[in-house]
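Here's the structure we're looking at; comments come further down.
The values are calculated or read from the model by the stated rules, or taken from the named source; none is laboratory data. Just so it is clear, the structure is predicted and the values come from calculations on it, not from any experiment. All Cβ positions, glycine included, derive from the backbone under ideal geometry; neighbour counts span all protein chains shown.
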Amino acid sequence: MKAVLVVTVVAILAFDSSPANAGEAQQLLYDVDFGSPPHTVGEPPVTGAEDPPRGTPTGISFGDPTVVEALGLLTDQPCAFGNRTTGYDQLEFAMPDHARDGFPESYDIYHLKMDVLIERLTGSDFVLLLDIPHVHNIYFNADGTMTTFPSGLNSTFEFGVPLLLEVTYDIPGDNWTIRVDGEVIYSDDHAGTVFRSFRVNLTGEHIDDAVALDNIQVWGENRPVLHVCCVGEECFLTDYDGCDAMGGEYHPELDECEPQEPCLDPTPVRSTSWGGLKAVYR
Ligand SMILES: [Ca+2]
Ligand SMILES: [Ca+2]
């Protein structure tokens with residue numbers, strides 16, 4: 001059987017998370033740097049649910065997360081968790097499928113990134129809880145390990161060293177991927193269905209526990225819609241521009257190359273040998 005080629009436009013699909021290079025297919029949902037205004041050093045982060053991009057979390061679920069001038073090596077006004085009180089410190093970020101404070105539009109792919117500093121943990125853990133809608137959690141544990149729920153990740157981190165944590169959910173692609181400082185450390189299926197919210201939480205079992213986050217960004221992205229493009233008898237899946245660039249005939253009414261192989265003429269007007277047919281199907 002002839003291989004079906006899927007052509008995708010790399011410029012659209014490749015995820016560039018920098019705001020300056022964002023394509024039209026992407027929407028910046030959160031861009032929270034805890035800077036002033038609206039946030040104030042020594043105060044809890046301001047919360048709100050404006051139109052995207054939002055500069056605030058949507059809620060403080062528990063405790064006393066506090067905007068600080070610096071914590072350890074995170075020196076550009078992060079949000080600190082711990083703050084010499086015990087108990088949960090938790091921020092919530094509502095996502096599109098959240099009944100309260102959600103965004104008006106849902107997306108196929110979500111990309112989260114944030115600077116994380118685990119300064120000290122003595123028995124507590126710090127966790128990124130993702131409700132999509134069943135829980136996907138990423139734990140920073142007191143023994144220096146990084147783990148997930150559902151289980152699968154077995155990694156480590158360094159106390160006192162900021163890291164860039166990135167998480168990508170591809171919901172139709174049924175995949176979630178975790179990167180630290182640009183390196184993929186985990187990738188698996190179980191991407192979930194609808195993304196209701198994510199939360200960040202320090203369990204706070206000791207007053208010395210200290211964690212800080214900064215530059216929390218979340219992007220939504222829709223997959224381009226691909227249709228059949230016939231270049232001769234070869235079938236490709238592309239968008240209109242991709243088909244045009246290949247000199248093909250675009251068929252927006254068709255979205256699969258298999259099993260019917262729509263680019264093969266069902267009643268060939270030109271005669272062909274068995275050898276020629278076999279070459280087509282090889
Ligand atoms: Ca900041
Ligand atoms: Ca606290």
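Tabulated values for the structure
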read-out	value
One residue from GLY42, GLY35, GLY63 being away from ligand 2 (no atom under 16 Å from the Cβ), modelled with pLDDT of 95 or more and not polar (S, T, N, Q)	GLY35
Test: THR47 is more than 28 Å from ASP181 (Cβ to Cβ), within 13 Å of ligand 2 (Cβ to nearest atom) and of a type in the set (Ser, Thr, Tyr)	no
Qualifying residue in region 96-104 (condition: within 16 Å of GLY220 (Cβ to Cβ), within 16 Å of ligand 1 (Cβ to nearest atom), of a type outside the set (A, V, I, L, M) and surrounded by 19 or more Cβ atoms within 10 Å (Cβ to Cβ))	no
Verdict on VAL200 being touching a strand residue (DSSP E or B) at 6+ places or on another chain (Cβ under 8 Å), in the same structural domain as PRO78 (by TED's automatic domain parsing) and more than 26 Å from HIS98 (Cα to Cα)	no
Every pair of residues 6+ apart whose Cβ atoms lie under 7 Å, when the first sits in region 213-239 and is on the phi > 0 side of the Ramachandran plot while the second is buried (at least 20 other Cβ atoms within 10 Å of the Cβ)	ASN215/MET114
Looking only at region 59-85, and only at residues there that are among the β-branched types (Val, Ile, Thr) and not in a loop (DSSP other than H, G, I, E, B), the one that is farthest from ligand 1 (Cβ to nearest atom)	ILE60
Pairs, first among the polar types (S, T, N, Q) in region 85-96, second within 16 Å of ligand 1 (Cβ to nearest atom) and not in a loop (DSSP other than H, G, I, E, B), C-beta under 9 Å, six or more apart	GLN90/PHE81; GLN90/VAL200
In region 10-32, residue farthest from ligand 2 (Cβ to nearest atom) [restricted to those that are modelled with pLDDT under 95 and β-branched (Val, Ile, Thr)]	VAL10
In region 113-130, the residues that are surrounded by 20 or more Cβ atoms within 10 Å (Cβ to Cβ) and assigned to a strand (DSSP E or B)	MET114, VAL116, LEU117, ILE118, GLU119, PHE126, VAL127, LEU128, LEU130
Verdict on VAL225 being over 22 Å from THR156 (Cβ atoms), aliphatic (A, V, I, L, M), within 16 Å of the chain's Cα centre (by Cα) and outside any strand (DSSP E or B)	no
Residues being surrounded by 24 or more Cβ atoms within 10 Å (Cβ to Cβ), in contact with a His (Cβ under 9 Å, 6 or more places away or on another chain) and over 23 Å from ASP131 (Cβ atoms) - total across region 76-95	1
Residue within region 35-52 that is among the acidic types (Asp, Glu) and within 13 Å of ligand 1 (Cβ to nearest atom) present	no
Evaluation of LEU91 against (1) more than 20 Å from LEU117 (Cβ to Cβ); (2) outside any loop (DSSP other than H, G, I, E, B) (one fails), failing number	(1)
Verdict on THR56 being out of contact with any Gly (no Cβ under 6 Å at 6 or more places or on another chain), part of a loop (DSSP other than H, G, I, E, B), more than 16 Å from ligand 2 (Cβ to nearest atom) and of a type in the set (Ser, Thr, Tyr)	no
